[in-house]
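Report on the following structure.
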Amino acid sequence: MKDLIKKSIKDLKPYKVIEEEYRIKLDANESPYNIFQYIGELILKELTALTPNRYPDNEAIDIKKALSMYIGVNEENILCGNGSDEILKIIIDTFVDKGDTVVSHSPSFAMYRIITQIAGGSFLEVEGDKDFSIDINKIINKANENNAKVIFLCSPNNPTGRIISREDIIRVLDNTKSLIVVDEAYYEFYGETIVDKIDDYERLIVLRTLSKAFGLAGLRIGYGVASKNMIETISKVKAPYNLNSISKCIGRIVLDNKEIAFKNIEAIKNERDRLYKELKKIEGIQAIPSKSNFILIRTNKYKALMTRFKEEKILVKGFGTEGVLENCIRLTVGTDDENMEVLKILKEV
Ligand code: PMP
């Protein structure tokens, strides 16, 4: 079998998800709030009216309508996917041939590298400073020197929580010829977007998701927002019926009841700011300012902390003791009780 596998897959390091028993889960930037607790009955009623013997609507019309009202763009400017991960793959499948270059900043979301490698593309990273600020000039230069097909900009950035300003994104659009993908998976925890520029720049695609702020990670609903022309182009690559009936139905109901998500977002933002203030007070911990629903910390007690979290069955994302994220741990903002437990451990260790 080995000699049949394509070259780009042979050395691929896959996206790893650690599945461990847990008491508190703060490793995957999910929402601590379960929407079923608020509108479970309404959802159940609509689900029983579904016809699962039929394929879902290929164009995802209902959920696109709800999204278009939420975002303030037309339905023809939206493509829905099975998580924004699928939209990422669709973009790479549309634009990146074997040997093409893709540029991003580092550290950032691991899937950019993985999908580029699968396509046989070459992935180049621009490292930020010690405080993880993102150097836009270096990105522009790297993209132009290497004739980059695609540039990924993640804002707020996972795993650092740092942002890229609108001015800087526009600078990249104005000074390169590449396709610019702005990943706004965590947009709702920040509040600034570049979506209003999709008609000015046909090379711009904004990625969003219902996994984070809307608390629907388990349903896998993501979407891309771009000019009509761009959406038509990338839609050619989409698999038929990519979004299943149940996800679409629940996603639409949740969007129709946005005020619940908005309340939860406010609670998470308040907790994030409180957690950050407390983290700043702890000796030996460098907390990176975040506009997202997680906070990255650097610690001089990495191993001891990871052991304690494990003993307490608290899942956090540790990045190891080497590389750009040396001794860093990413803490998803949980409920106030969960965050108190995290702070207690950090203070003790
Ligand atoms: N972009 C970023 C920056 C992310 O952190 C994630 C999830 N970890 C995704 C995209 C993918 O999100 P989903 O597929 O759940 O929509």
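A count restricted to segment 214-233 and to residues that are surrounded by fewer than 21 Cβ atoms within 10 Å (Cβ to Cβ), among the small types (Gly, Ala, Ser) and under 28 Å from LYS25 (Cα atoms) stands at 2. What is the number of the single condition among (1) assigned to a loop (DSSP other than H, G, I, E, B); (2) surrounded by 11 or more Cβ atoms within 10 Å (Cβ to Cβ); (3) outside the structural domain of GLY120 (by TED's automatic domain parsing) that GLU59 does not meet? The failed condition is (3). Against the conditions (1) more than 22 Å from ALA28 (Cβ to Cβ); (2) within 12 Å of the ligand (Cβ to nearest atom), LYS177 satisfies every one except (2).
Please go through segment 300-346 and pick out each residue that is loosely packed, with under 14 Cβ neighbours inside 10 Å and in contact with a Ser or Thr (Cβ under 9 Å, 6 or more places away or on another chain). Result: LYS303, single match. Looking across segment 182-212, the residues that are of a type in the set (D, E, K, R) and more than 12 Å from the ligand (Cβ to nearest atom) come down to GLU188, GLU192, ASP196, LYS197, ASP199, ASP200, GLU202, ARG203. Quick check on my filter: what residues within segment 107-129 are more than 11 Å from the ligand (Cβ to nearest atom), surrounded by fewer than 20 Cβ atoms within 10 Å (Cβ to Cβ) and assigned to a helix (DSSP H, G or I)? ILE114, GLN117, ILE118, listed by residue number. Across segment 238-248, not a single residue is classified as within 15 Å of the ligand (Cβ to nearest atom), under 16 Å from the mean Cα position of the chain (by Cα) and buried (at least 21 other Cβ atoms within 10 Å of the Cβ). Within segment 62-102, being away from the ligand (no atom under 16 Å from the Cβ) and not in a helix (DSSP H, G or I) holds for GLY72, VAL73, ASN74, VAL96, ASP97, LYS98, GLY99, ASP100, THR101.
For every residue, the table says whether it meets (1) touching a residue at least 12 places away in the same chain (Cβ under 8 Å); (2) within 20 Å of ASP93 (Cβ to Cβ).
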residue: ASP183; (1), (2): yes, yes
residue: ASP199; (1), (2): yes, no
residue: GLU202; (1), (2): yes, yes
residue: ILE205; (1), (2): yes, yes
residue: ARG208; (1), (2): yes, yes
residue: PHE214; (1), (2): yes, no
residue: GLY218; (1), (2): no, no
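The residues in segment 267-284 that are more than 17 Å from GLY334 (Cα to Cα) and out of contact with any helix residue (DSSP H, G or I) (no Cβ under 6 Å at 6 or more places or on another chain) can be counted, and the count is 4. Whether a residue is within 20 Å of the chain's Cα centre (by Cα) and either assigned by TED's automatic domain parsing to the domain that holds GLY222 or within 21 Å of LYS16 (Cβ to Cβ) (or both) was assessed, and PHE309 does not pass this test.
The values are calculated or read from the model by the stated rules, or taken from the named source; none is laboratory data. Keep in mind that what you see is a predicted model, and the values were worked out from it rather than measured. Here the Cβ is made from the backbone with ideal geometry for all residues, glycine too, and neighbour counts use every protein chain on show.
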